[in-house]
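Beneath this line is the structure, given in structure tokens, with notes to follow.
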């Protein structure tokens, strides 16, 4: 079983819809990261969080440490949000490298 | 603006050949990571350095892969000999104080081993 699980694997939605991507993990962590990978392949860090909630523009990330669960929300989705969204964790205990989920492939149709 | 650079961006080689990939981390970043992405496995950690010292290379096949940081501005990942199963995109990332910090990814090197 993967230590980081994401759902859904694929998501197609209409422009303007509210999007939620979920991430569950089974290990102790020091931080959780949400990354975005565009069709060209580049990876951009969206959020790093260890508690609570962060917001950047139309993106919101939340984490529940007790339930070992995080969500990434996109409000007023737009076709340019189409990308692969990847959840990753830094494991507790000083291991600094990331352990990744398989990603959620999001397509926003106009 | 500051960014991680990787060379080459694309590499096609034949099985058995040596491959060297290079990464220039963002100036001032003291932690450098090497990740590999394949369709089957997704993204996985190969190795990482802090202040040029290797801290973890448990994700690397030791018999054929090696990673070094000759100086603070250069990290290298070498495969010798390369095999078709090494075909993947190799990403370098850097940060100031991981894990409590954002990691900045390079554009990746797409390696194809024939």
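Please treat every number below as a calculation from the coordinates, not as lab data. Source: prediction; values computed, not measured.
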Using alpha-carbon pairs under 8 Å, 6+ residues apart, how would you state the relative contact order of the stretch A:35-77 in percent? 25
Springs between alpha-carbon pairs under 10 angstrom, Gaussian network model over chain B: which of B:82, B:58, B:94 fluctuates most? B:58
Which residue, B:41, B:103, B:80, has the most motion in a Gaussian network model of chain B that connects Cα atoms within less than 10 Å? B:41
Using only Cα atoms, locate the centre of the stretch A:1-40 and the centre of the stretch A:68-110, then give the distance between them in Å, rounded to an integer. 4
Considering the alpha-carbon set of chain A alone, what are its Rg and its Dmax in angstrom? 13.4, 45
log10 I(q)/I(0) for the protein assembly as shown, Debye formula on C-alpha points only (no solvent), q = 0.08, 0.11, 0.15, 0.16 Å⁻¹, two decimals, reads -0.29, -0.54, -0.99, -1.11
At a temperature of 4 °C and a viscosity of 1.567 mPa s, determine how fast chain B diffuses translationally according to Stokes-Einstein, using the Kirkwood radius over alpha-carbon pairs as Rh; express D in µm²/s, rounded to the nearest whole number. 93
Counting DSSP beta bridges with both partners in chain A, what percentage is antiparallel, nearest 5? 90
